[in-house]
Amino acid sequence: MNIVFRKAVPADTAGCIELRGKTRENAFTVDQLAALGITFASWGAGIADGSLPGYVCTVDGELAGYCFGDRDTGEIVVLALLPAFEGMGLGKRLLDLMVDEFRASGFNRLFLGCSSDPEVRSYGFYRHLGWKPTGAVDAAGDEVLEYFPS
């Protein structure tokens, strides 16, 4: 199995949007993303201008997952992985790459929105990695978690 992690490039946009609709939980279709203002053009532009840095993972040449953040705020915007690649440590590695980049950029605190439902996989995933609830809820109704990279 050939696993590759690399910085995202604008040409990854279509694959990332397609993958987002195939995740096990919290999947979004192209139309649902567009309703949120997330389009091929906006995502690609964010990668191109550096405002939406991210990393992708391919397995045997197939896009398996990705993680993107907001350069200006230190928010982890999305971490998505195809179900066939869950449990392999790929999501953790993608998140670590983004955390490392933000740490190197000077961020002392990172944050993200996560389901407050303990039955949802991300709930335990982030907490296991040291992300802590802030008590706040974001505009999407998700619990805001924070992380202080050392």
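The values are calculated or read from the model by the stated rules, or taken from the named source; none is laboratory data. This structure is a prediction, so every number in the text was calculated from the model and none was measured. Because the Cβ atoms are built from the backbone with ideal geometry, glycine has one as well, and the counts that use them run over all protein chains shown. The area values use the complete protein model at the heavy-atom level, side chains included, leaving out ligands, DNA and RNA. Shrake-Rupley method; radii C 1.70, N 1.55, O 1.52, S 1.80 Å.
Annotations
- Pairs where the first residue, in region 71-100, is closer than 14 Å to GLY113 by Cβ and the second is open to solvent by 70 Å² or more (accessible area, probe 1.4 Å) and not basic (Lys, Arg), C-beta under 7 Å, 6+ apart: none
- Residue within region 10-20 that is over 20 Å from PHE85 (Cβ atoms) and either open to solvent by 50 Å² or more (accessible area, probe 1.4 Å) or among the basic types (Lys, Arg) (or both) present: yes
- From the list LEU95, LEU112, LEU79, the one residue that fits, being in contact with a Cys (Cβ under 7 Å, 6 or more places away or on another chain) and assigned to a strand (DSSP E or B), is LEU79.
- Considering residues of region 75-85 that are surrounded by 16 or more Cβ atoms within 10 Å (Cβ to Cβ) and farther than 23 Å from PRO133 by Cβ only, the residue nearest to the chain's Cα centre (by Cα): LEU82
- Qualifying positions in region 93-128 - open to solvent by 70 Å² or more (accessible area, probe 1.4 Å), over 28 Å from VAL4 (Cβ atoms) and at pLDDT 95 or above: ASN108, ARG109
- Within region 21-64, the set of residues being β-branched (Val, Ile, Thr), surrounded by 14 or more Cβ atoms within 10 Å (Cβ to Cβ) and either assigned to a loop (DSSP other than H, G, I, E, B) or at pLDDT below 95 (or both) comprises THR23, VAL30, ILE38, THR39.
- Of everything in region 129-149 that is in contact (Cβ under 8 Å) with a residue 24 or more places away in the chain, of a type outside the set (Asp, Glu) and touching a helix residue (DSSP H, G or I) at 6+ places or on another chain (Cβ under 9 Å), the residue that is surrounded by the most Cβ atoms within 10 Å (Cβ to Cβ) is LEU145.
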